[in-house]
Amino acid sequence: MPDAISCIAVGGYLDPVILEASTIIGISALADIVTRGSDILVDFIELAIRHGRPLFDAILESRVVRLRPILMTAGAALLSSIPITLDPIFSGLRWSHILGLISSMLFTLFVIPVSYWLLKADC
């Protein structure tokens, strides 16, 4: 006989994924990492522009120079999060943290420079 809880349909799904408090904590913990990486990248671009670099060159240079620190920060956080994924209580927190780190790394390296270019480029 199936478990009574697993047979309850929520939103048309038999086994809904419920957002846990630990997952919300993991999502909010990402705010610092995402903000810091983006701020440093934009600051690097603006500093290069103040030193006379063209906008496009400053954006490309910032991505090249900041790539390694961004990858190292994300990689260290990812590797340290993997063992905690086996814990049933904190698994949601860690998986949200891991997937958030990957998406924030891609966001910092691709979306922020393109957005900066669209905002600052002369049309």
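The table for this structure:
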read-out: Set L67, L118, L101: member being free of Cβ contacts under 8 Å to residues at least 60 places away in the same chain and within 15 Å of I33 (Cα to Cα); value: L67
read-out: Single condition G26 does not satisfy, out of (1) in contact with a His (Cβ under 7 Å, 6 or more places away or on another chain); (2) at pLDDT 75 or above; value: (2)
read-out: In segment 68-88, residue modelled with the lowest pLDDT [restricted to those that are among the aliphatic types (A, V, I, L, M) and surrounded by 12 or more Cβ atoms within 10 Å (Cβ to Cβ)]; value: I84
read-out: Matching residues in segment 34-64 - criterion: being of a type in the set (A, V, I, L, M, F, W, C) and either touching a residue at least 60 places away in the same chain (Cβ under 8 Å) or over 19 Å from D122 (Cα atoms) (or both); value: V34, I40, L41, V42, F44, I45, L55, F56, V64
read-out: Enumeration of residues in segment 44-76 that are among the hydrophobic types (A, V, I, L, M, F, W, C) and more than 16 Å from the chain's Cα centre (by Cα); value: F44, I45, L47, A48, I49, L55, F56, A58, I59, L60, V64, V65
read-out: Filter pass, A48 being of a type in the set (G, A, S), surrounded by 14 or more Cβ atoms within 10 Å (Cβ to Cβ), modelled with pLDDT under 75 and out of contact with any Leu (no Cβ under 7 Å at 6 or more places or on another chain); value: no
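The values are calculated or read from the model by the stated rules, or taken from the named source; none is laboratory data. Everything quoted here is computed from the prediction, not taken from an experiment. Ideal geometry is used to build each Cβ from the backbone, glycine not excepted, and the neighbour counts take in all protein chains shown.
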